[in-house]
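Some notes on the structure that comes next.
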Amino acid sequence: MRTSRIKWHIVVFLAPAMLVYTAVMIFPLFNTLRLALYTEVEQSRVFVGLDNFRTLFGDPQWSGAFWNALWNNCWFFIIHMLVQNPIGILLAAILSHPKLRFAALYRSAIFIPTILSFVIIGFAWKLILSPIWGIAPGMLDAVGLKFLFAPWLGKEEYALTTLALVSVWQFVGIPMMLIYAALLTIPEEVLEAGEIDGITGASAFWKIKLPLILPSIGIISILTFVGNFNAFDLIYTAQGALAGPNFSTDILGTFMYRTFFGFQLQLGDPHMGSAIATAMFGIILIGVCIYLFGIQTRLRRYQF
Amino acid sequence: MNKARRNPVNIAAAHGILILYTLIALFPVFVILINSFKTRKAIFRDPLALPDAESFSLIGYQTVLKQGDFFLYFQNSMIVTVASLFFVLLFGAMAAFALAEYRFKGNTLMGLYLALGIMIPIRIGTVAILEMMVSSGLVNTLTALILVYTAQGLPLAVFILSEFMRQVSDDLKNAGRIDGLSEYTIFFRLVLPLVKPAMATVAVFNMIPIWNDLWFPLILAPAEETKTLTLGSQVFIGQFVTDWNAVLSALSMAILPVMILYVIFSRQLIRGITSGAVK
């Protein structure tokens, strides 16, 4: 029944999605990359090639802020990989225990922070960690550790790590759920075969389950990477656009926002903002490519 | 069944860890909620105590309701979220059907083109999105937000839905064709009802990020009459930083709608994640 004329129903089915997606996502994305090559001179747009990037990476006024934001962003990501994902895997491993009661209840409760907005999370933790209110020092005092307390969000050396841990607290539910789902797909026979060979308990986890869930850990890593290098909201709600104290919590998202919109005395600059967005695009693209071509193809998948 | 998996000590340790982590997860929410019902004095004197007859107060809520236009914000968030979900589901399902059902030139290419958007965050294009919205006069309208969230949600929606549409039996569709149904009727009458569970999953996945987003409301629609609940509470709390009663009440009011949505949809959400819809 195939005819050579255009099948209009296919066009009708595809057109709305393609139009919205192209016009609002893909076109602005490439337009932003293009705008990074321009600058504004006397109210008109002038093509300057890669000058904005030279300024961003080389000009001492800009490059300090850029490398600071990039390094902070890397540290933010490292904390997530080292804390969030292991905790998520641990919780999932416990939850997937076949005889565990109340598993659904724990699962739903632990997922609650993930559904709350950054505004709630940011302010709630700001209040709890605040030395004025005294919940955190009070609780440390109760266990005799009051000397450990410091105004963590106000100290340059702790603020970023503290915020990264708050973000970990918020998002631990996602690796937990994905790993939990992966663990459920491991057939009972595989585990029983291991038991016959004397592999039980923790060693069954390390030797049988962990290798089988590696692809899911890969997916979680790349989701964490993209999420972290595009983060903004938590830092903005907790520390404001200036990402204080003294820019110690500045990450690429807040740096781009400040550059684009301006703050205090500095005027907003859409072209430098685009240059930073382009840098973020490059970083995310490199990460995704490393994952797709370097990691994903090497992970062995097992079909049961 | 082996000994290790029946060991009561292990089970107790498992419950211990889970209870500990559940407490860590819920503690901040709990502290905010109980303190929002207390007088200012009681908030500072004993932050961990439940409100009692003496310390109970609704002063914070009164301030919030008097000063902030939370019903308007709530309404805006509702409109944006519901409209975006509607378009993501409708357009996403239509495109998914076309990609899953018909063989035509460029099918794979279009699939890949849409898949681009799964990994690349839409925020990267913000500068040009704002420029476009300014030149088309859509700044400070809810339409701008709906467009952005629709575009943002479509790639994953098409990906998930086309997986499910491939499983719909060909015999059913062909039977419909023999009965003289048009392709549109086949899609809306036969296929859509069968992929309802997948549509629900997509809706739940999209709902929370849209509701909670701060970036686009802040940039595209910061005007008073278009503020979403997330942006509205952010601005309100920023203004009332020193009024702890008001801040705690505003936070509690922002928590409430999300919690209600979560209670209604949590089973759907968890089933969606664990059924491997995002693999």
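Does region A:48-56 contain at least one residue that is within 13 Å of another protein chain (Cβ to nearest Cβ) and assigned to a helix (DSSP H, G or I)? Yes, some residue in region A:48-56 is within 13 Å of another protein chain (Cβ to nearest Cβ) and assigned to a helix (DSSP H, G or I). Might you let me know whether region A:37-57 holds any residue that is modelled with pLDDT under 95, surrounded by 14 or more Cβ atoms within 10 Å (Cβ to Cβ) and among the basic types (Lys, Arg)? Within region A:37-57, one or more residues are modelled with pLDDT under 95, surrounded by 14 or more Cβ atoms within 10 Å (Cβ to Cβ) and among the basic types (Lys, Arg). The condition of being more than 12 Å from every other protein chain (Cβ to nearest Cβ), under 30 Å from A:THR39 (Cβ atoms), of a type outside the set (Lys, Arg) and out of contact with any His (no Cβ under 7 Å at 6 or more places or on another chain) holds for A:PHE263. The condition (being touching a residue at least 24 places away in the same chain (Cβ under 8 Å), of a type in the set (Val, Ile, Thr) and in contact with a Gly (Cβ under 7 Å, 6 or more places away or on another chain)) is satisfied by just one residue among A:ILE295, A:ILE276: A:ILE295.
Could you tell me whether any residue of region A:164-181 is more than 18 Å from A:ILE87 (Cα to Cα) and in contact with a Ser or Thr (Cβ under 7 Å, 6 or more places away or on another chain)? No, every residue in region A:164-181 fails to be more than 18 Å from A:ILE87 (Cα to Cα) and in contact with a Ser or Thr (Cβ under 7 Å, 6 or more places away or on another chain).
I want to confirm something. Restricting to region B:151-185 and keeping residues that are of a type in the set (Val, Ile, Thr) and more than 21 Å from A:MET18 (Cβ to Cβ), which single residue is modelled with the lowest pLDDT?
Going through region B:151-185, the residues of a type in the set (Val, Ile, Thr) turn out to be B:158, B:160, B:168, B:178, B:185.
Add one more test, that the residue is more than 21 Å from A:MET18 (Cβ to Cβ), and what stays is B:168, B:178, B:185.
Values: B:VAL168: 87, B:ILE178: 92, B:THR185: 92.
Taking the candidates together, the pick is B:VAL168.
For region A:231-243, the candidate set comprises residues that are at pLDDT 90 or above and part of a loop (DSSP other than H, G, I, E, B); within that set, the residue that is farthest from the other protein chains (Cβ to nearest Cβ) is A:ALA231.
Kindly indicate which of B:ALA12, B:ALA53 is over 31 Å from the mean Cα position of the chain (by Cα) and outside any helix (DSSP H, G or I).
B:ALA53
Out of the residues in region A:122-131 meeting the condition of being within 14 Å of B:ILE237 (Cβ to Cβ) and more than 8 Å from every other protein chain (Cβ to nearest Cβ), tell me which one is surrounded by the fewest Cβ atoms within 10 Å (Cβ to Cβ). Give the derivation first.
From region A:122-131, those within 14 Å of B:ILE237 (Cβ to Cβ) are A:122-127, A:130; that's our starting set.
From what is left, the residues that are more than 8 Å from every other protein chain (Cβ to nearest Cβ) are A:122, A:126, A:130.
Details: A:GLY122: 25, A:LYS126: 19, A:SER130: 17.
My answer is A:SER130.
Residues in region B:235-251 that are under 24 Å from the mean Cα position of the chain (by Cα) and surrounded by fewer than 21 Cβ atoms within 10 Å (Cβ to Cβ): B:VAL235, B:GLY238.
Restricting attention to region B:108-163, which residues are hydroxyl-bearing (Ser, Thr, Tyr) and either at the interface with another protein chain (Cβ under 7 Å from one of its Cβ atoms) or touching a helix residue (DSSP H, G or I) at 6+ places or on another chain (Cβ under 7 Å) (or both)? Talk me through it step by step, then tell me what you get.
Filtering region B:108-163 for residues hydroxyl-bearing (Ser, Thr, Tyr) gives B:108, B:113, B:126, B:135-136, B:141, B:143, B:149-150, B:162.
Once the filter is applied, which keeps residues that are hydroxyl-bearing (Ser, Thr, Tyr) and either at the interface with another protein chain (Cβ under 7 Å from one of its Cβ atoms) or touching a helix residue (DSSP H, G or I) at 6+ places or on another chain (Cβ under 7 Å) (or both), region B:108-163 yields B:THR126, B:THR141, B:TYR149, B:THR150, B:SER162.
Against the conditions (1) within 14 Å of another protein chain (Cβ to nearest Cβ); (2) out of contact with any His (no Cβ under 7 Å at 6 or more places or on another chain), A:ASN85 satisfies every one except (1).
From B:ALA83, B:ALA53, grab the single residue that is away from chain A (no Cβ under 12 Å) and modelled with pLDDT under 85.
Working: B:ALA83 fails: modelled with pLDDT under 85.
Going through B:ALA83, B:ALA53 in turn, the sole match is B:ALA53.
Against the criterion of being within 9 Å of another protein chain (Cβ to nearest Cβ), within 26 Å of B:TRP211 (Cβ to Cβ) and of a type in the set (Phe, Trp, Tyr), A:PHE102 does not qualify.
Quick one: would you say A:ALA164 is among the small types (Gly, Ala, Ser) and buried (at least 18 other Cβ atoms within 10 Å of the Cβ)?
Working: among the small types (Gly, Ala, Ser): yes; buried (at least 18 other Cβ atoms within 10 Å of the Cβ): yes.
The answer is yes for A:ALA164.
Is it fair to say B:LYS66 is more than 30 Å from A:LEU105 (Cβ to Cβ), charged (D, E, K, R) and under 31 Å from the mean Cα position of the chain (by Cα)? If you could, list the steps in order and put the result at the bottom.
Numbers: more than 30 Å from A:LEU105 (Cβ to Cβ): yes; charged (D, E, K, R): yes; under 31 Å from the mean Cα position of the chain (by Cα): yes.
Criteria met by B:LYS66.
When restricted to residues that are small (Gly, Ala, Ser) and assigned to a loop (DSSP other than H, G, I, E, B), region B:56-66 contains 1. Per the listing B:LYS227, B:LYS196, the residue uniquely buried (at least 22 other Cβ atoms within 10 Å of the Cβ), at negative phi and of a type in the set (Lys, Arg) is B:LYS227.
The values are calculated or read from the model by the stated rules, or taken from the named source; none is laboratory data. All figures in this text were calculated on a predicted structure; none of them were measured in a lab. In this analysis, Cβ positions are derived from the backbone assuming ideal geometry, glycine residues included, and neighbour counts consider all displayed protein chains.
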